[in-house]
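So the structure is just underneath, and the comments pick up after that.
Just so it is clear, none of the values below were taken in a lab; they were calculated from the coordinates. These figures come from a predicted structure and were not determined experimentally. Here the Cβ positions follow ideal geometry from the backbone for every residue, glycine too, while neighbour counts run over all protein chains shown.
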Amino acid sequence: MIGSDRMAFTVAIDGPAAAGKGTISRAVSAHFGLAHLDTGLLYRAVGRKALRGGDPVAAAQALAPEDLQGDLRTAEIAQAASRVAAIPQVRQALVEFQRQFARRDGGAVLDGRDIGTVICPEAEAKLFVTASVEVRAERRFLELVAKDPSVSRESVLADVVARDTRDAERDTAPMAAAADAVVLDTSEMSIDAAVAAAVELVERRMR
Ligand code: DC
């Protein structure tokens, strides 16, 4: 068990856009008292800087906590994040911070695309959370339309497909399930059931 002995224990949660990684990661982090890092936010912050005319590599190298402020969860920033994430020097600039976070005392949950494969191959628990593209697009549509009623289902589906393809097909650290990851398909699962399955996996790995 971890906890009072403060040793490192990493939960790596990877998967495509809108599969439920964020919800599951936050729940696992709260359940076990582990720190949580949503690594997508790092790429989104770099993507936002690129949209504003900045150089993505320089932005990644100088990324600061204040860059994560404001609304990074827009469709435009998601696409920009996926584009800058394909640049090897951008990924390289963000590796060390993520590795330090993953191995911090007391344990950590990181969610992203390459956590179990590249950032922390030694993670004690690895999950690859996925769902059908239709289900994921519908979930993302419901999230985005609450903020912007002009959003269409078709455009959200096209965005999700474009992002998945780019994230899975890039040369550097493509999105992939680690060979030792447990795959959790949430297409037909409630949030509670998906969280329960993730918690059970982490509990097994802690024993
Ligand atoms: O998880 P998210 O949707 O917030 O991620 C936004 C983009 O950032 C995603 O399309 C690809 C990129 N990303 C990545 O390449 N590697 C990660 N570990 C996390 C995100």
Those residues of segment 149-171 which are among the hydroxyl-bearing types (Ser, Thr, Tyr) and touching a helix residue (DSSP H, G or I) at 6+ places or on another chain (Cβ under 9 Å) amount to Ser152, Ser155
The one condition Ser187 fails out of (1) within 24 Å of Ile77 (Cβ to Cβ); (2) in contact with a helix residue (DSSP H, G or I) (Cβ under 8 Å, 6 or more places away or on another chain); (3) more than 16 Å from the ligand (Cβ to nearest atom); (4) hydroxyl-bearing (Ser, Thr, Tyr) is (1)
Picked from segment 111-148 (must be touching a strand residue (DSSP E or B) at 6+ places or on another chain (Cβ under 7 Å) and of a type in the set (Gly, Ala, Ser)), the residue nearest to the ligand (Cβ to nearest atom) is Gly112
Residue pairs qualifying under the 8 Å Cβ cut-off, at least six apart or on distinct chains, with the first in segment 24-47 being over 15 Å from Ala80 (Cα atoms) and part of a strand (DSSP E or B) and the second being within 16 Å of the ligand (Cβ to nearest atom) and of a type in the set (Ser, Thr, Tyr), are Ala35/Ser29; His36/Ser25; His36/Ser29; Asp38/Ser25
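Please determine, by comparing only the residues of segment 187-207 that are in a helix (DSSP H, G or I) and of a type in the set (Lys, Arg), which one is surrounded by the fewest Cβ atoms within 10 Å (Cβ to Cβ).
Applying the first criterion (in a helix (DSSP H, G or I)) to segment 187-207 yields 191-206.
Filter once more, so that each one left must be of a type in the set (Lys, Arg): 204-205.
Working: Arg204: 10, Arg205: 15.
Ranking the candidates gives Arg204 first.
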* Inspect all residues belonging to segment 36-56 and state whether any of them is surrounded by 17 or more Cβ atoms within 10 Å (Cβ to Cβ), of a type outside the set (Gly, Ala, Ser), touching a Pro at 6+ places or on another chain (Cβ under 8 Å) and under 26 Å from Pro88 (Cβ atoms). => yes
Scanning segment 76-98 residue by residue, those buried (at least 17 other Cβ atoms within 10 Å of the Cβ) and farther than 17 Å from Asp171 by Cα turn out to be Ile77, Ala78, Ala80, Gln98
Among the residues of segment 159-174, the number that are more than 9 Å from the ligand (Cβ to nearest atom) and closer than 18 Å to Arg73 by Cβ is 3
Going through (1) surrounded by 17 or more Cβ atoms within 10 Å (Cβ to Cβ); (2) within 12 Å of the ligand (Cβ to nearest atom) one by one, Arg73 fails only at (1)
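Among the candidates Ala162, Ala158, Ala131, Ala176, which residue alone is under 15 Å from the mean Cα position of the chain (by Cα) and under 20 Å from Ala86 (Cβ atoms)?
Ala176
Being aliphatic (A, V, I, L, M) and under 26 Å from Ala86 (Cα atoms) is the filter here; which residues of segment 179-207 pass it? Even if it seems obvious, please write down each step before you answer.
Within segment 179-207, the subset aliphatic (A, V, I, L, M) is 179, 181-184, 189, 191, 193-199, 201-202, 206.
Those that are aliphatic (A, V, I, L, M) and under 26 Å from Ala86 (Cα atoms): Ala179, Ala181, Val182, Val183, Leu184.
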The one condition Arg6 fails out of (1) outside any loop (DSSP other than H, G, I, E, B); (2) out of contact with any Lys or Arg (no Cβ under 7 Å at 6 or more places or on another chain) is (1)
